[in-house]
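Written out below as structure tokens is the structure these notes cover.
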């Protein structure tokens with residue numbers, strides 16, 4: 001597995017070793033021992049989530065606060081997305097910075113984000129199935145978010161904003177400066 005650090009402290013990109021033959025392919029999407037050895041984290045994922053979205057669906061930017069903050073390991077099972085994480089840790093040297101990466105079933109890259117990050121994505125393909133592991137359970141009372149078009153963050157979502165499909169809940173999220 002190829003592990004690449006990003007400019008955001010704690011976020012890493014993982015590219016698995018893929019074994020192909022006439023039957024198809026095989027790869028290990030997660031190995032706790034390998035993760036601990038190369039990244040130094042002894043994670044205990046407790047919840048797996050999966051979403052299916054059509055082209056133009058934007059989900060996010062979401063996070064969990066306090067003791068319910070979640071580390072996530074994100075991958076795409078079908079299709080292609082632009083995945084975005086924002087550092088919302090006030091004491092972090094990269095506070096307020098974001099990272100965008102294309103995750104797809106074809107490139108099989110995964111993104112690990114530690115607790116203290118907001119997460120969102122937009123579907124770039126006709127459909128996308130996104131799967132992510134969490135190291136903490138979802139807690140409704142601890143949820144937070146940032147509006148996708150926040151002018152401070154200035155995230156390039158690639159698609160025309162007028163063509164995006166966004167939930168009413170996500171459209172009512174506060175700006176970065178008001179979280």
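With respect to residue 129, determine if the residue is at pLDDT 95 or above and not in a loop (DSSP other than H, G, I, E, B). So residue 129 passes the test.
Could you check the stretch 105-114 and list, in sequence order, the residues that are touching a strand residue (DSSP E or B) at 6+ places or on another chain (Cβ under 8 Å) and surrounded by 19 or more Cβ atoms within 10 Å (Cβ to Cβ)? Explain how you work it out, then say what you get.
Taking the stretch 105-114 first, the residues touching a strand residue (DSSP E or B) at 6+ places or on another chain (Cβ under 8 Å) are 105-113.
Answer for the stretch 105-114, where residues must be touching a strand residue (DSSP E or B) at 6+ places or on another chain (Cβ under 8 Å) and surrounded by 19 or more Cβ atoms within 10 Å (Cβ to Cβ): 109, 110, 111, 112, 113.
Among the residues of the stretch 102-117, are any modelled with pLDDT of 95 or more, over 13 Å from the mean Cα position of the chain (by Cα) and assigned to a strand (DSSP E or B)? Within the stretch 102-117, none of the residues are modelled with pLDDT of 95 or more, over 13 Å from the mean Cα position of the chain (by Cα) and assigned to a strand (DSSP E or B).
Of the residues 60, 56, which single one is modelled with pLDDT of 95 or more and closer than 28 Å to residue 151 by Cα?
On the way: 60 fails: modelled with pLDDT of 95 or more.
It is 56.
Meeting the requirement of 2 or more residues that are touching a residue at least 40 places away in the same chain (Cβ under 8 Å) and crowded, with 18+ Cβ neighbours inside 10 Å, the strands (runs of 3 or more DSSP E) wholly within the stretch 1-76 are 12-15, 58-64.
Of the residues 98, 38, 62, 68, only one is over 15 Å from the mean Cα position of the chain (by Cα) and under 20 Å from residue 119 (Cα atoms); which? Before you say what the answer is, go through the steps one by one.
Working: 98 fails: over 15 Å from the mean Cα position of the chain (by Cα); 38 fails: under 20 Å from residue 119 (Cα atoms); 62 fails: over 15 Å from the mean Cα position of the chain (by Cα).
Only one candidate passes the filter, namely 68.
For the stretch 90-97, the condition holds for no residue, the condition being that it is surrounded by 23 or more Cβ atoms within 10 Å (Cβ to Cβ) and either at positive phi or at pLDDT 95 or above (or both).
The values are calculated or read from the model by the stated rules, or taken from the named source; none is laboratory data. Quick caveat: nothing in here was measured; it's all calculated off a predicted structure. Neighbour counts run over all protein chains shown; Cβ positions are idealised from the backbone, glycine included.
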